[in-house]
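First the structure, then my questions, so here it is.
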Amino acid sequence: MRTLYTLIKAQLALLANIKHIAVYNDQLGLVDNRTSVSYPYPAIFIEMVTDIPARSVGNGVQLYEPLDIRIHIVYEQLDSQLGTLDENLDVLDLKDLVYQNLQMFEPNGASTFFRISEVQDYEHSNIYHYIQTYRTTYLDAAMILPVGGVPAVLPI
């Protein structure tokens with residue numbers, strides 16, 4: 001999974017205005033409870049949802065089918081200073097850029113990403129938080145076994 005995470009992070013890093021990308025670990029709840037340090041905004045957190053168990057496809061390779069990837073988009077500025085109190089449409093541009101960046105993305109070992117949902121989380125103070133979910137399948141070859149002393153090739 002580290003390889004897939006690294007590829008997703010590199011793809012999102014192409015968005016110039018993103019200041020922080022990390023693995024999701026309920027950072028928003030921890031900051032709200034003052035049990036974690038804050039981070040620069042805008043931020044993106046990557047969560048891999050592995051609710052459905054992987055199945056073995058042989059030779060030590062496991063298949064996650066489906067694998068959902070949740071992208072948490074966190075934006076702090078609530079007022080754009082354009083005369084509309086407590087409104088900033090820049091966050092809408094940012095979430096569209098994330099969508100354009102990840103829709104049809106096809107990292108090594110995974111099928112093409114397609115967005116299956118987008119929701120807004122209203123539970124946190126003074127930030128916008130959108131969660132986009134992308135569906136893919138993923139071949140995890142972290143435990144690929146050598147065949148005759150030579151590493152095997154990933155199955156297609």
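The values are calculated or read from the model by the stated rules, or taken from the named source; none is laboratory data. Source: prediction; values computed, not measured. Reconstructed Cβ throughout: ideal geometry from the backbone, glycine too, with neighbour counts over all protein chains shown.
Yes/no per residue for (1) at pLDDT below 95; (2) over 19 Å from residue 6 (Cα atoms); (3) among the aliphatic types (A, V, I, L, M); (4) not in a loop (DSSP other than H, G, I, E, B):
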site: 74; (1), (2), (3), (4): yes, yes, yes, yes
site: 80; (1), (2), (3), (4): yes, yes, no, no
site: 86; (1), (2), (3), (4): yes, yes, no, no
site: 96; (1), (2), (3), (4): no, yes, no, yes
site: 101; (1), (2), (3), (4): no, no, no, yes
site: 107; (1), (2), (3), (4): no, no, no, no
site: 124; (1), (2), (3), (4): yes, yes, no, no
site: 134; (1), (2), (3), (4): no, no, no, yes
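Within region 11-32, take every residue that is among the polar types (S, T, N, Q) and either farther than 14 Å from residue 75 by Cα or part of a loop (DSSP other than H, G, I, E, B) (or both) and give me the one that is modelled with the highest pLDDT.
11
What pairs come out if I take residues in region 106-117 that are surrounded by fewer than 13 Cβ atoms within 10 Å (Cβ to Cβ) and pair them with residues that are assigned to a loop (DSSP other than H, G, I, E, B) whose C-beta lies under 6 Å away, six or more apart or interchain?
106/112
Conditions (1) in a strand (DSSP E or B); (2) at pLDDT below 95; (3) under 25 Å from residue 123 (Cα atoms), marked per residue:
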| residue | (1), (2), (3) |
| --- | --- |
| 3 | no, yes, no |
| 9 | no, no, no |
| 34 | no, yes, yes |
| 40 | no, yes, yes |
| 62 | yes, yes, no |
| 67 | yes, no, no |
